[in-house]
1. Scan segment C:69-99 for residues that are more than 21 Å from residue C:146 (Cβ to Cβ), touching a residue at least 60 places away in the same chain (Cβ under 8 Å) and not in a helix (DSSP H, G or I) and report the count.
2. Say we look at segment C:2-48 and pick out the residues that are among the polar types (S, T, N, Q) and surrounded by 11 or more Cβ atoms within 10 Å (Cβ to Cβ); which of these is farthest from residue C:326 (Cα to Cα)?
3. State whether one or more residues within segment A:46-54 are under 30 Å from residue C:189 (Cα atoms), crowded, with 16+ Cβ neighbours inside 10 Å and not acidic (Asp, Glu).
4. Can you tell me which of B:79, B:11 is hydrophobic (A, V, I, L, M, F, W, C), more than 24 Å from residue B:243 (Cβ to Cβ) and surrounded by fewer than 24 Cβ atoms within 10 Å (Cβ to Cβ)?
5. Would you check if there is a residue in segment A:156-179 being touching a residue at least 24 places away in the same chain (Cβ under 8 Å), of a type in the set (Val, Ile, Thr) and in a helix (DSSP H, G or I)?
6. Can you name the residue in segment C:203-220 that is at the interface with chain A (Cβ under 7 Å from one of its Cβ atoms) and of a type in the set (Asp, Glu) and is also surrounded by the fewest Cβ atoms within 10 Å (Cβ to Cβ) among such residues?
7. Which one is modelled with the lowest pLDDT, of the residues in segment C:121-151 that are small (Gly, Ala, Ser) and more than 16 Å from residue B:269 (Cβ to Cβ)?
8. Looking at segment C:55-67, I want the residues that are within 11 Å of chain B (Cβ to nearest Cβ) and have a partner that is crowded, with 24+ Cβ neighbours inside 10 Å and part of a loop (DSSP other than H, G, I, E, B) with Cβ atoms under 9 Å, at least 6 apart or on another chain. Which pairs are those?
Amino acid sequence: MAVSDFSITIERGELMGLIGPNGAGKTTVFNMITGMLRPTAGDISWKGENITRLPTHLITARGIARTFQNIKLFADMSVLENVMVSCHYPLDSSFLAAMLGLAKHRREEKRIREHSLKYLVEAGLAPFAFEKAQNLPYGLQRKLEIARALATEPGMLLLDEPAAGMNPMEKMELAAFIRRIREKNGITVFLIEHDMKFVMNICERIKVINYGQSIAEGSPDEIRRDPEVISAYLGGASRAQG
Amino acid sequence: MSLTLFLQQLINGVSLGSLYALIAIGYTMVYGILRLINFAHGDLLMVAAYAGMYGVLLFSLPWFISFPLAVMATGALGILLDRAAYKPLRQAPRISLLISAIGASFLMENLALVLIGGVPKPFPRPDFFGYVIKAGDLHILVLTIYSPIITLLLVLGLLYIVFKTKAGKAMRAASLDFEATRLMGINLDRIIALTFLIGSSLAAASGIMWAMKYPQINPFMGVIPGFKAFIAAVIGGIGNIVGAVLGGFLLGLCEILIVALLPDLAEYRDAFAFLILIGVLLFRPTGIMGEPIIQ
Amino acid sequence: MSEKLKFWLNVASLVLLFGVLFLFSRYGSGYQIRILNNIAIFITLAVSYNLVNGVCGLLHLGPNGFIAIGAYTSALLSMTPAEKQLNFIIEHAIWPINVIQVPFVVSLIAAGVAAASVAFLISFPVLRVRGDYLAIVTLGFGEVIRVLCNAAQSVTNGPLGLKGLQAHTNLWWSWGVATLAVAAIQRLINSNYGLAMKAIREDETAARAMGVDPFQRLMLAFLISAFFSGIAGGLLAHLITTISPGLFTFLLTFNLLIMIVVGGLGSTTGSIIGAVLFAWGGEALRIVERPMEIGPFTIPGIPGMRMVIFSLILMLVILFVRKGIMGRSEFSWDALASKFAGWRRTQTPP
């Protein structure tokens, strides 16, 4: 079983981290929250509503957005179009209005475009708006993933290894970016990361998972000193630093 | 219905099922490794039938030389088909592979049409298969009894290869995890070629028996049996050899019995097969045997 | 290039197109007019097929079923009761088919609606699966529809088909419908709806995560495609004036597949080019003309050879030029203008 005996509560506006050795079940947790995997037992509730059995797109509509461990951008579409997809719902004009080219539809398209551009500007991606997503350098692709998720206007953002493959400077920028998002929009952030320094640096609370079970939870300092965590990562050796 | 008639239809059903089973194996083996529905697979029946026929009629070979040669030639054609139409698209999106398969199928059918002509030709059925056993009211073509026996022997041979040889182990590994198998240093190209060789040869054997059963052959003779065998493979669990065999027999039996019990609906028999397919795909896509791996 | 200029360029092109059509309708031979009608109908079919296969990325192998539904619906509705009685000789047509008759345009719309309705019904099972499974399921449905057309003697007149339809289809109908179809579908593709469809094609999981409901969007594409295919079926029926189940086999699907793949899967412009090339390739003659009868002899033509060539072309394209002629790009005035500017630049002396 990938995950068993796992429970977590996240407060609004928190910056929560999820760490654990490879294969511990972290992405599985994300998949369950976003409805891509159905838990065989247990419930997930968001803002008081039980979302366990909802399909993914409805969970996104309820306000939970995510990025992916292996970048899943819409490769052949432009950077701007990638973000515009997130603004797809709710649409005021029907497909008929689209097919007939009615003014109401054209206005809405314009609104979506401008709205999406704002997210690109915020992420520093505006110069690349019309580039194909697959042509972007790796670090910018990761940023685009985040911008795209933000455009769904979520209450909570799930980031799956957002810093993977980045150099230290990019990681610093990313950390600042995440903090900014949280400050500006009051979004709750829940992230998975392997880079310990990054997680300790940015997260307020951390949950540790191993073999699909939660083994510790607390502030970065508490986690750093937790013997179970240390043994899980290093099989008994002393340091738990990234 | 009298017992005799029922028995007759039962035997017919099993016999037809055995032919479907042989063809279904080829579909399932290729799908198991390449995740490709080889649309052109059914047309291999047609190639084998014509090859067997021309071996006897044109080159005056005795049937026990001509037919096995035809099977081997068709097996080789299967390898060629993969090399030409599928291998270049290993990394391409699936839709390209399917389109290539459809194109290959149409190409083979119409090439035959152009070269041989659309008029159905009579297949030279040897007397060995052709005489009729009479047991009371029961009249059975001895071929009808030989088919399931030949099928069973071939299937046993196949199972031996798949489970008891190194090559077979490699095939099973490839169907479980394509990339990992490659990383282990196993020559995937050869495994794939072997898969096509075996699958195509079995289909060829079925094609020859089919031509003996319905001795008028034409360029499009492989279309319907091919599709029905595909349905059988899906029913049994696509990717699973035993499933394909089971599915084949099941489909053959159902087809004959439905037509026997409800003769008014005989026209709809092909539609029935399609509806069964749609039903299986929607409600139990992994078929009877479950997992999409060669087992 | 300004939007206004583009608008007037489009208008000018349409005027040019219909001007040319007018000339053909006045001075062209019957043969030429038939080819032009075929081109228009194929354009409608190819562009709507491309919406599902190219833009949404689904391998839908059952359009022949929807075309058949459209053709039969339109034919049965537009024929007079007397004509129907003449046709339904083995079994009488059931009520209300035997008494109903509507004007041509109504029958066309009904054809589209009928095809779209069936598409709606089967979208529930079909859109539960993807990839190969979807291909096979749609293929199966296409075949089931054809078999039903063949067997439902009192509804469709079975294998005999329907003869003696009024040749309502002319250049204005066929090209009018084609223009509307291209415009409507292209607008849809350019809209946020089209964006959602492309996103589903690129990465359905990611699309879901961004809030897109794949079922809704794919069903929309499926229905619109069926709608226009149905209308095209009706136009086809009233062009060749004789329809039978044998016209709507998997071969028809295969032909559409060739058109959109050669033109460029995902490109409306490509589908138009593919349709024109195909119609020109003479396949139109196969569908349109019966085997030629000269006295007591029937010349069957060389149907196999044509298909051999088409199959080869399809395979060569998919193997070597996989993106087809246009790839996924569309024609645009801007692209044309910049190409022209580039050419002019090479012409100026250093």
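1. So the count comes out to 2.
2. Taking the candidates together, the pick is C:25.
3. Yes, some residue in segment A:46-54 is under 30 Å from residue C:189 (Cα atoms), crowded, with 16+ Cβ neighbours inside 10 Å and not acidic (Asp, Glu).
4. B:79
5. Yes.
6. Ranking the qualifying residues of segment C:203-220, first place goes to C:203.
7. C:131
8. Qualifying pairs under 9 Å: C:57/C:265; C:57/C:266.
The values are calculated or read from the model by the stated rules, or taken from the named source; none is laboratory data. Predicted model only: the values in this text are computed from it and were never measured. So basically every Cβ, Gly included, is an ideal-geometry build from the backbone, and we count neighbours across all protein chains shown.
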